[in-house]
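The values are calculated or read from the model by the stated rules, or taken from the named source; none is laboratory data. Just so you know, these numbers come straight off a predicted model, no measurement behind them. Because the Cβ atoms are built from the backbone with ideal geometry, glycine has one as well, and the counts that use them run over all protein chains shown. Quick note on the areas: whole protein, heavy atoms, side chains included, nothing else; ligands and nucleic acids left out. Shrake-Rupley method; radii C 1.70, N 1.55, O 1.52, S 1.80 Å.
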Amino acid sequence: MSRKAANIISAQIILKPDCVLGLATGSTPVGLYRQLAEWYEKGDLDFSQVTTVNLDEYKGLTREDSQSYYYFMNENLFHKVNIDKDKTFLPDGTEPDSEKACRQYNDVLASVGRVDIQLLGLGHNGHIGFNEPDTFFQTETHCVTLTDQTIKANRRFFESEEDVPRQAYTMGIKTIMSARRILVVVSGEDKAEIVKKAFFGPITPQVPASVLQLHSHVTLVADEAALSRL
Ligand code: GLP
């Protein structure tokens, strides 16, 4: 799964060296980033002109916090390749004023131009980025209160459940849908039911990822376990 998805991202970089990549966190893309870093090491990939925008960030975590997505991206990709750090963007989780943080990120997104390929993982409840069930499809960057299910799912990365931030800044569905292409990566049996709902069920805000059925260029890369209910 990771290698196939990495092939798609690397093809994008090779075809358009100054492309804009929309990136995601979570455990699913870790192998993909490792593969991209390996190909960079081998001399097959050049990130020097690439711009990246990340989907989301926890509100209230510092950049040094090992659970922040800023830290995650540095550890998993940015520190391992020749990307220009000035061309990598995430919502500013350290900004306590939600409105300001979201406005600033929308400005960043407007200034970098259209995302060429947006990478997405899939939450167990069908969330993409941190767009939780019952989200509006017309949203741009906004502040969300995480559902109990997401807090529990992400608890494994923190010392205790109390340490999981309750809020996050995320690109909205409208932002995500404006990307030229979308690449969804999913792995594991525990995602099989939601993959079926998202891609073959009704399009509904209760399953945010179901909106992807309306996008004209989506690629789903998954392992057999995640596809086992289809
Ligand atoms: C997190 C992230 C999402 C990610 C999802 C799945 O909460 N905000 O962007 O896609 O949950 O994570 P994982 O890949 O670890 O299952």
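I need every pair where a residue in segment 215-230 that is of a type in the set (Ser, Thr, Tyr) has its Cβ under 9 Å from the Cβ of a residue that is open to solvent by 80 Å² or more (accessible area, probe 1.4 Å), sequence separation at least 6 or different chains.
What qualifies is Ser228/Glu189.
Restricting attention to segment 25-58, report how many residues are under 26 Å from Thr139 (Cα atoms) and either in a helix (DSSP H, G or I) or within 12 Å of the ligand (Cβ to nearest atom) (or both).
10
Can you tell me which residue within segment 138-170, out of those that are among the aromatic types (Phe, Trp, Tyr) and surrounded by fewer than 16 Cβ atoms within 10 Å (Cβ to Cβ), is nearest to the chain's Cα centre (by Cα)? Give the steps one after another, and end with the answer.
First, pick out the residues of segment 138-170 that are among the aromatic types (Phe, Trp, Tyr): 157-158, 169.
Now narrow it down to the ones that are surrounded by fewer than 16 Cβ atoms within 10 Å (Cβ to Cβ): 157-158.
Working: Phe157: 17, Phe158: 19 Å.
Among residues in segment 138-170 that are among the aromatic types (Phe, Trp, Tyr) and surrounded by fewer than 16 Cβ atoms within 10 Å (Cβ to Cβ), the one nearest to the chain's Cα centre (by Cα) is Phe157.
Working only within segment 199-214, note down all residues that are among the hydrophobic types (A, V, I, L, M, F, W, C) and more than 12 Å from the ligand (Cβ to nearest atom).
The first filter runs over segment 199-214 and keeps only residues among the hydrophobic types (A, V, I, L, M, F, W, C), leaving 199-200, 203, 207, 209, 211-212, 214.
Listed by number, the residues that qualify are Phe199, Phe200, Ile203, Val207, Val211, Leu212, Leu214.
Out of the residues in segment 1-24 meeting the condition of being under 15 Å from the mean Cα position of the chain (by Cα) and within 16 Å of the ligand (Cβ to nearest atom), tell me which one is surrounded by the fewest Cβ atoms within 10 Å (Cβ to Cβ). Working first, answer last.
Just the residues of segment 1-24 that are under 15 Å from the mean Cα position of the chain (by Cα), to begin with: 2, 5-6, 9, 20-24.
The next check asks that each one be within 16 Å of the ligand (Cβ to nearest atom); those that pass are 2, 5-6, 9, 21-24.
Numbers: Ser2: 19, Ala5: 24, Ala6: 23, Ile9: 24, Leu21: 24, Gly22: 28, Leu23: 26, Ala24: 23.
Restricting to residues being under 15 Å from the mean Cα position of the chain (by Cα) and within 16 Å of the ligand (Cβ to nearest atom), the top hit is Ser2.
It is to be established whether one or more residues within segment 67-78 are away from the ligand (no atom under 15 Å from the Cβ) and crowded, with 19+ Cβ neighbours inside 10 Å.
Yes, the conditions are met somewhere in segment 67-78.
Pairs please, first residue from segment 23-39 and free of Cβ contacts under 8 Å to residues at least 40 places away in the same chain, second anywhere and charged (D, E, K, R) and more than 7 Å from the ligand (Cβ to nearest atom), Cβ atoms under 7 Å, 6+ apart in sequence or on different chains.
Close Cβ pairs satisfying both conditions: Gln35/Arg3.
Only one residue in Gly129, Gly113 is surrounded by fewer than 16 Cβ atoms within 10 Å (Cβ to Cβ) and either under 18 Å from the mean Cα position of the chain (by Cα) or within 13 Å of the ligand (Cβ to nearest atom) (or both), so which one is that?
Values: Gly129 fails: surrounded by fewer than 16 Cβ atoms within 10 Å (Cβ to Cβ).
From the options Gly129, Gly113, the qualifying one is Gly113.
If you scan segment 151-172, which residues turn out to be of a type in the set (A, V, I, L, M) and in contact (Cβ under 8 Å) with a residue 40 or more places away in the chain?
Initially, segment 151-172 is screened for residues of a type in the set (A, V, I, L, M), giving 151, 153, 164, 168, 171.
Hits for segment 151-172 are Ala168, Met171.
To keep it simple, each residue is scored yes or no on (1) part of a helix (DSSP H, G or I); (2) among the basic types (Lys, Arg); (3) modelled with pLDDT under 95.
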{"site": "Glu140", "(1), (2), (3)": "no, no, no"}
{"site": "Val144", "(1), (2), (3)": "no, no, no"}
{"site": "Thr150", "(1), (2), (3)": "yes, no, yes"}
{"site": "Asn154", "(1), (2), (3)": "yes, no, yes"}
{"site": "Glu159", "(1), (2), (3)": "no, no, yes"}
{"site": "Ala168", "(1), (2), (3)": "no, no, no"}
{"site": "Thr175", "(1), (2), (3)": "yes, no, no"}
{"site": "Ala179", "(1), (2), (3)": "no, no, no"}
{"site": "Leu183", "(1), (2), (3)": "no, no, no"}
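When you scan segment 124-175, how many residues do you find that are under 15 Å from Ala198 (Cα atoms) and aliphatic (A, V, I, L, M)?
Taking segment 124-175 first, the residues under 15 Å from Ala198 (Cα atoms) are 124-129, 131-135, 137, 173.
Still in the list and also aliphatic (A, V, I, L, M): 128, 173.
Count: 2.
Is there a residue being under 21 Å from Val30 (Cα atoms) and more than 11 Å from the ligand (Cβ to nearest atom) anywhere in segment 191-198?
Applying the first criterion (under 21 Å from Val30 (Cα atoms)) to segment 191-198 yields 191-192, 194-195.
From the residues that got through so far, the ones that are more than 11 Å from the ligand (Cβ to nearest atom) too are 192, 195.
Scanning segment 191-198, I find at least one residue that is under 21 Å from Val30 (Cα atoms) and more than 11 Å from the ligand (Cβ to nearest atom), so the answer is yes.
When residues of segment 52-97 are filtered for being more than 18 Å from Gln167 (Cα to Cα), touching a strand residue (DSSP E or B) at 6+ places or on another chain (Cβ under 9 Å) and either at pLDDT below 95 or of a type in the set (A, V, I, L, M) (or both), how many remain?
So the answer is 4.
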